[in-house]
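Values in this text are rule-based calculations from the coordinates and carry no lab data. Please read all numbers here as calculations on a predicted model, not as lab measurements. Virtual Cβ from ideal backbone geometry, glycine too; neighbours counted across all protein chains shown.
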Amino acid sequence: MGARNAYHELGPKIGILIFCIDTAKGSLAILIARYFEAPQYILLATGVAAVAGHNWPVFLGSGRRGEATTIGILLALVPSRY
C-alpha cells in the first residue's frame, strides 16, 4: 500500500503509477469542492478528509503516511494562471 512501498516491492513503474493515482486522489477531492464553489473551510476539511482516508483506511486498519495525497491537495490549491 502506498507509492513508496509499491516502488520498493513492485518496481519503479508501478511505484510511479501508484504515486500518480494517490496524487490524483487528493487533487480530485479539492477540485470537486472547488467546482461547487465551497468556502475555504470546506476545502480544508476536504483535504484533511482525503489524507485521513488515505492514512487510516477503514478496511485495512493500519496507517499510511499520505505524502502523495498531500502533494495532490497542494497542487490543486495553487491558483492556476492559465
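Summary table
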read-out: Local electrostatic count, Leu43, Cβ distance below 11 Å [Lys/Arg +1, Asp/Glu -1]; value: 0
read-out: Cα→Cβ-extended label distance, 7 Å offset, between Ile42 and Trp56, nm; value: 2.5
read-out: Per-residue Cβ neighbour rank within 10 angstrom, fewest leading, Thr69, Thr46; value: Thr46, Thr69
read-out: Estimated [θ] at 222 nm from DSSP helical runs (n ≥ 4, -39500 (n - 2.57)) normalised by residues in the chain, nearest 500; value: -23500 deg cm²/dmol
read-out: Reduced Cα scattering model of the range 1-67, Debye log10 I(q)/I(0), q = 0.21, 0.24 Å⁻¹; value: -0.86, -0.99
read-out: Linear extension gain, Ile21 paired with Ile71, 0.36 nm per residue minus alpha-carbon span; value: 16.9 nm
read-out: Degrees between helix 12-35 axis and first principal axis of the chain (Cα, 0 to 90, nearest 10); value: 20
read-out: Within the range 1-48, chymotrypsin sites (Phe, Trp or Tyr not before Pro) in DSSP loop having at most 10 other beta-carbon neighbours inside 10 Å; value: Phe36
read-out: Between helix 67-77 and the chain: long-axis angle, C-alpha atoms, 0 to 90°, nearest 10; value: 20
read-out: Gain upon complete extension [Leu28, His8; 0.36 nm per residue less C-alpha separation]; value: 4.6 nm
